[in-house]
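The values are calculated or read from the model by the stated rules, or taken from the named source; none is laboratory data. In this text the structure is predicted, and so the values were computed from the model without any measurement. Cβ placement follows ideal geometry from the backbone for every residue including glycine, while neighbour counts extend to all protein chains displayed. Calculation scope for accessible area: heavy atoms of the full protein, side chains included, ligands and nucleic acids excluded. Shrake-Rupley method; radii C 1.70, N 1.55, O 1.52, S 1.80 Å.
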Amino acid sequence: MKKFFSKIKNWFVKIKPSKRKIVQLYSALLYNANIKGFFNGRIYEGKTKNMCVPGLNCYSCPGAVGSCPMGSLQNALSASGARTPAYIFGIIILFGLLLGRTICGWLCPIGLGQELLYKIKTPKLKKSKVTRVLSYFKYFVLIGLVVILPLFWAIPGFCEYICPAGTIEGGVGLLSHPNNASQLGNLGALFSWKFTLLVLIVVGSVFVFRLFCRFLCPLGALYGFFCRIALLGIKLDKNECTDCGLCVSVCKMDIKRVGDHECIQCGDCISVCPTKAISWKGSKLFLRKNNVDLPADTDIKPLNGMLKPKADENTQGGADNE
Amino acid sequence: MNKEKIFKISAVSLAGAVLCGALVYFNFIDTDDIEQKAGVGDISADFTIDKFTVEDGIFVLDDEKFTLSDYKGKVVVLNFWASWCQPCRFEIPFFNEFHEKYSTEVEVVIINQESANSQKILDDYVNNPADANYANDYSKWTEYSCTFACSNQVMPLYQVGQGVPVTIVLDRDGKVQHITEVGFHDYQSVENELLKYL
């Protein structure tokens, strides 16, 4: 009997979610606190909908209590003949300055969904120069579908043609309720396309880490512009860094350097740095020097020796020097 | 307990309180109140809204407003639309045709859901009733005899689905007789669905 309970205890310690996972789950639940929406098949339309959540979460999700920043941006640009969308610009800039892509790593339900899918045990596609090139595609999504199409054709292009959050949260979320059954007759080619894309992204995310985030997400592309100046996030101490390249090789995103525009500030690199050069911005305020948080995942083992630096990796740029 | 632990506990407690507060608020306090709105069989609330008349193919804001109670004795059909909704733009001429055919018994009111920029929206509608995807014989039609109004205060009075186009039929005493599902109607559907309430 005792053995069983100690087994349970060990199992619980093993599967215990990391701090980051807990924050991701928390934010996903908070953004969708209107659970009654799933039971009555209606979107919440109260005052809190005027506020955007920082991550990608569809306005039309029955559970959503806030707006989607991408949806709001496209909507505002579509109507910008009437007035400049200062409010949504301001909110996105505020999120970028405060958090940058820590939103991607900690506060986005879609990022969470992809990471959970990736946990399914299959062979995984490793990142490469090809994936690095593909990661620039999301900028085309941002410029073409989020800026140009709404601004000049009043079409919310990303919402309409791509966004998997909309398809699963808004589309499937609403259509699965019997009160909305009459809308099933209104589905056409567009829904077929979007649903196919959703299935491809879901299946692909099992094999490719954060497939949507890396290659398609315009919000991640946008927040990436704030990587150097965001208040919170990962920082690299250039004095301690020996260019060993371990951080880049452990990282599952297509970074060239820790903390660049591809970095989702997850912190997985912190524990592998042999010289403890990587830490959280602002960590001096809350942690003692060299007391860096270890992730709960135990399959990342810091190397004691140093690796040959990769020939094409140069750690340059505006990393903070304390 | 050192400062760090106090800070951590406070932060976690605050976060927990916010989440619990949100779950309680959205699910138990801020309820939909959809039962308060008029459904089929309920008397409709009265309302007074701006209306536009068509002069020489141009919409002009009328000095007189539209008041629902003025039309007791006539069946009133309220059709809700929005400028960005193509199926809405496409079905408006069909409702106008229905109004013209049965004008002795029915008053059709086409209500735009966006309360701002009404003049601009209606001017744009006259020039572009429906885009190329929905092109039909009515694509350059500018003769309307039904009432055009603009208000976002009317649709919330009823137990309608969350979308446009949606249409409500009120009987001669102002009682809600029928609420359509959200979706497009061609002329035949308009007649089939609404004629029985006249």
- Query: Given a 1.4 Å probe and the protein chains all in place, what does the accessible area of residue A:13 round to, in Å² to the nearest 10?
  - Reply: 100 Å²
- Item | Neighbourhood net charge (13 Å Cβ-Cβ; Lys/Arg +1, Asp/Glu -1) for residue A:146 | 0
- Message: Between 0 and 90 degrees, rounded to the nearest ten: what's the tilt of helix A:109-118 against the longest Cα principal axis of chain A?
- Response: 60 degrees
- Query: What's the long-distance tail for segment A:67-148, i.e. % of Cα pairs beyond 15 Å?
  - Reply: 72 percent
- Query: Alpha carbon centre of segment A:108-132 versus segment B:2-75: separation in Å?
  - Reply: 40 Å
- Query: How do A:232, A:30, B:68 rank by accessible surface area computed with a 1.4 Å probe, from largest to smallest?
  - Reply: A:232, A:30, B:68
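Tell me the volume per residue, in Å³, of the convex hull enclosing the alpha carbons of segment A:1-147.
Considering the Cα atoms of segment A:1-147, their hull volume per residue is 178 Å³.
Helix-only mean residue ellipticity at 222 nm, chain A, DSSP H runs n ≥ 4 weighted -39,500 (n - 2.57), per residue, nearest 500. What is it? Walk me through the numbers before you get to the answer.
Working: 16 runs with 130 residues, N = 322.
After summing the helix terms and dividing by the residues of chain A, the value is -11000 deg cm²/dmol.
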- Query: So what's segment A:148-248 giving for Rg/Rh, alpha carbon basis, Kirkwood Rh from the mean inverse pair distance?
  - Reply: 1.14
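If each residue of separation counts as 0.36 nm, what is the full-extension length gain between residue B:116 and residue B:100 once their alpha-carbon separation is subtracted? Can you show the working numbers first?
Working: separation 16, 0.36 × 16 = 5.76 nm, distance 2.83 nm.
Stretched out fully, the residue B:116 to residue B:100 stretch lengthens by 2.9 nm.
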- Under the definition of Cα pairs under 8 Å and six or more residues apart, what whole-number percent is the relative contact order of segment A:17-135? 27 percent
- Holding the Cα-Cα limit at 24 Å, pick out from B:51/B:175; A:14/A:256; A:21/B:8; A:124/A:256; A:138/A:252 the pairs that are longer than that. A:14/A:256
- Query: Ranked from the most accessible area to the least, with a 1.4 Å probe and all protein chains present, what is the order of A:158, A:226?
  - Reply: A:226, A:158
- Query: In the full protein assembly as shown, how much of residue A:177 is accessible to a 1.4 Å probe, in Å² to the nearest 10?
  - Reply: 20 Å²
- If you line up the long axis of helix A:2-15 against the longest principal axis of chain A, both from Cα atoms, how many degrees apart are they, to the nearest 10? 70 degrees
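Any idea what the relative contact order of chain A is, in percent, if you count C-alpha pairs under 8 Å spaced at least 6 apart?
Details: 508 pairs, mean separation 64.2, N = 322.
Relative contact order comes out at 20 percent.
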- How large is the accessible surface per residue of chain B, computed with a 1.4 Å probe and reported in Å² as a whole number? 51 Å²
- Query: Against the longest principal axis of chain B, how steep is helix B:86-101, in degrees 0 to 90 to the nearest 10, with axes from Cα atoms?
  - Reply: 40 degrees
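Report in % the part of the accessible area of the protein assembly as shown that belongs to carbon and sulfur, leaving out ligands and nucleic acids; probe 1.4 Å. Intermediate values should be presented prior to the final figure.
Details: 16850 of 27160 Å².
The computed percentage sits at 62.
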- Distance between modelled label sites at residue B:198 and residue A:125, nm, 7 Å Cα→Cβ extension: 6.0 nm
- Message: Taking each pair of distinct Cα atoms in chain B once, what is the resulting Kirkwood hydrodynamic radius in Å?
- Response: 18.9 Å
- Task: Would you kindly derive the ³J(HN,Hα) couplings of segment A:17-26 from the backbone phi angles with the Karplus curve 6.51 cos²θ - 1.76 cosθ + 1.60 (θ = phi - 60°), listing them in order in whole Hz, with x for Gly and Pro?
- Result: x, 5, 3, 5, 5, 5, 5, 4, 5, 4
- Message: With a 1.4 Å probe and all protein chains kept in place, how much accessible area does residue A:106 have, in Å² rounded to the nearest 10?
- Response: 60 Å²
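Give the interface area between chains B and A as buried accessible surface, both sides summed, probe 1.4 Å, in Å² to the nearest 100.
Values: alone 11080 and 17940 Å², together 27160 Å².
Its buried surface, counting both partners, is about 1900 Å².
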- Contact-by-burial set, segment A:36-55, min loss 10 Å², accessible area of protein heavy atoms with 1.4 Å probe, reference chain alone, gives A:36, A:40, A:42, A:43, A:44, A:45, A:48
- Task: Extending each Cα 7 Å along its Cβ direction at residue A:133 and residue B:186, get the distance between those two points in nm, one decimal.
- Result: 4.9 nm
- Query: If r is the Cβ-Cβ distance from residue A:29 to residue B:31 and R0 is 30 Å, what FRET efficiency results, to the nearest 0.05?
  - Reply: 0.95
- Query: Across segment A:259-276, in residue order, what do the Karplus-derived ³J(HN,Hα) couplings come to in whole Hz, using 6.51 cos²θ - 1.76 cosθ + 1.60 with θ = phi - 60° and x for Gly and Pro?
  - Reply: x, 7, 6, 8, 6, 9, 6, 7, x, 5, 6, 4, 6, 8, 6, x, 9, 6
- What relative contact order, as a whole-number percentage, does chain B give when Cα pairs under 8 Å and 6 or more residues apart are counted? 28 percent
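Stick to the Cα atoms of the protein assembly as shown, pair each with every other, and give me the Kirkwood hydrodynamic radius in Å at one decimal. Mind showing how you got there, number by number?
Numbers: mean 1/r = 0.0380 Å⁻¹.
About 26.3 Å for the protein assembly as shown.
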